[in-house]
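Here's the structure we're looking at; comments come further down.
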Amino acid sequence: MADLVARFRDVFDDSGPVRVVRAPGRVNLIGEHTDYNGGFVMPMALDRAVRIALVPHDEPVVAIWSVQFDERAEFRLPSGLGTPLAGLRPPWPAAVPGGEAEPAGAPHWLRYPMKVAEVLAEAGIALRGFRAVVDGDVPVGSGLSSSAAYEVASALALLVAVRPDVPAAPAAALAEAHGLSAGRLAKLCQEAEHRVGVRCGIMDQFISLHGRAGHALVLDCRDLSFDAVPLPAQKAKVVVIDSGVKRRLSSGAYNERRGQCEEGAEHLREFDPAIRELRDVSLALFEAHADRLPEVVRRRCRHVITENARVLESAEAMKAGDLTRFGDLVNASHDSLRDDYEVSGPELDLLVEIARGVEGVFGSRLTGAGFGGCTVTLARPEAVEPLRAAVLARYEKETGLAPRIWVSEAAAGAAVEQ
Ligand code: GLA
């Protein structure tokens, strides 16, 4: 963190009091592609995060230096007319509602804070400009929600700029100072992601804001109620393995899956008008009428309906300390994502296969949207090194890709750190 502040002073030659906000990425233990169906998920916040160091100023302009992209870019806030900042290059892209005023050449990473500014302004927050440096160690494009972390960090930066007097505290306190709940803030960040182009669910933004150290959250994505379940760190480690296959979520496949789920819910509503989303479909009703669904839609629905049941059962298993059962459900989740939802791939399948062959591994599955990215494996502490060795012995040889492996602790959610 000290480095980020030093970097800020370096880039902007500004000696004003620097505020620092932090928002973590996440790994989802179980409950995939259920959130946008009103269902259940079980993510934990990661000890990897996006951080922004900022100093507010009186221009309606947000100027950001991205350490990761080694690039500086600016945008004008949705309202107010300012004079150009010394050293900045007009014209700025304008974050106006529905605005297509983003000039060609605005870097992709700038779209996240721009869209967050847009939705916050629409929510009635009178925004203030700032200069900032952003950095993070959530791998980009690896299915660990680097974009949600960036959206949440951007939201906190924008809110802190308006109230630079707020003390360092968890994000909920800052949201409250603006008359928002942390849940509402998560929804605003989700809306920003939609505007970037992915019709994501609420999971990633929610866990980034609500994560609890040492716990996973069992979240009901319909009403946002949740239960924090302690992770038994003495008995099991959460191992995240990056396949090295990069994915871009805005690609059509994610939105296509969501559309297929909506189509399935619409068909099934015919048999029970109370069905709003796949969350409302029981396995019995699905099985009774599955033959009425187009084949692909049927498999998509089967994944979501069985996955919701798996989340609820795995929460019970975790609470009861039954890690073997938990692991079986994790394995079943992967198989369903591979066969019915079709979001895995040869590299993720190979990582899962290797992990399942290691003694002391409870279960292994792809995590996040799929189409590349990471797997999550639950393993006895003494199985972590054998797992690492098994992956290193086979994965690169068979795929030509270098895996990255790390053991993750469940971290706290987003906060104003300084
Ligand atoms: C992405 C989305 C989430 C969720 C997962 C799949 O991470 O952002 O909302 O849908 O994919 O479970």
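The values are calculated or read from the model by the stated rules, or taken from the named source; none is laboratory data. What you see is a predicted model, and the numbers here were worked out from it, not measured in a lab. Cβ: placed from backbone, ideal geometry, glycine included. Neighbour counts: every protein chain shown. Calculation scope for accessible area: heavy atoms of the full protein, side chains included, ligands and nucleic acids excluded. Shrake-Rupley method; radii C 1.70, N 1.55, O 1.52, S 1.80 Å.
Things worth noting here:
- Long-range HN-HN contacts of GLY25 with modeled amide H, under 5 Å: LEU46, ARG48, ALA49, VAL50
- Cα gyration tensor, region 337-397 - rounded (a/c under 1.5), prolate or oblate: prolate
- Cβ-based net charge around PHE12, under 14 Å, with every Lys or Arg adding one and every Asp or Glu removing one: 0
- Amide H partners (placed H, <5 Å) of LEU231, local residues excluded: HIS215, ALA216
- Pairs of Lys residues in the chain, spaced 8 or more positions apart or belonging to different chains, with C-alpha separations under 24 angstrom: 5 in total.
- Three-way shape call for region 172-268 based on the alpha-carbon gyration tensor, with the a/c threshold at 1.5: oblate
- Surface accessible to a 1.4 Å probe, SER243 within the full protein complex, Å²: 0 Å²
- Surface calculation, 1.4 Å probe, protein heavy atoms: LYS187 sits at approximately 100 Å² accessible.
- In this structure region 94-220 gives 31 Å² per residue of accessible area when probed at 1.4 Å with all protein chains present.
- Sorting 188-200, 220-232 by average packing, meaning the other beta carbons within 10 Å per residue, from highest down gives 188-200, 220-232.
- Loop-located GluC sites (Glu not before Pro) in region 335-403, at most 11 other Cβ atoms within 10 Å (DSSP): GLU359
- Within the accessible area of region 221-291, the carbon and sulfur atoms contribute 49%, probe 1.4 Å, all protein chains present.
- Accessible surface calculations at 1.4 Å, restricted to protein heavy atoms, place region 223-284 at 51 Å² per residue.
- Computed magnitude of the charge dipole of the chain (debye, nearest 20; Cβ of K, R +1, Cβ of D, E -1): 480 debye
- Whether region 243-391 is rounded, prolate or oblate, judged on the alpha carbon gyration tensor where a/c under 1.5 counts as rounded: oblate
- Gain on full extension, evaluated as 0.36 nm per residue between ALA389 and ASP227 minus their Cα-Cα distance, stands at 54.8 nm.
- Counting only protein heavy atoms and using a 1.4 Å probe, the accessible area of TYR341 comes to about 0 Å².
- Percent of Cα pairs exceeding the 32 Å cut-off, where the set is the chain: 37 percent
- The chain: most fluctuating residue of GLY179, GLY214, GLY327 per GNM, C-alpha cutoff 10 Å: GLY179
- Farthest toward positive dipole pole in the chain [+1 Lys/Arg, -1 Asp/Glu at C-beta], among VAL416, GLY264, VAL297: VAL416
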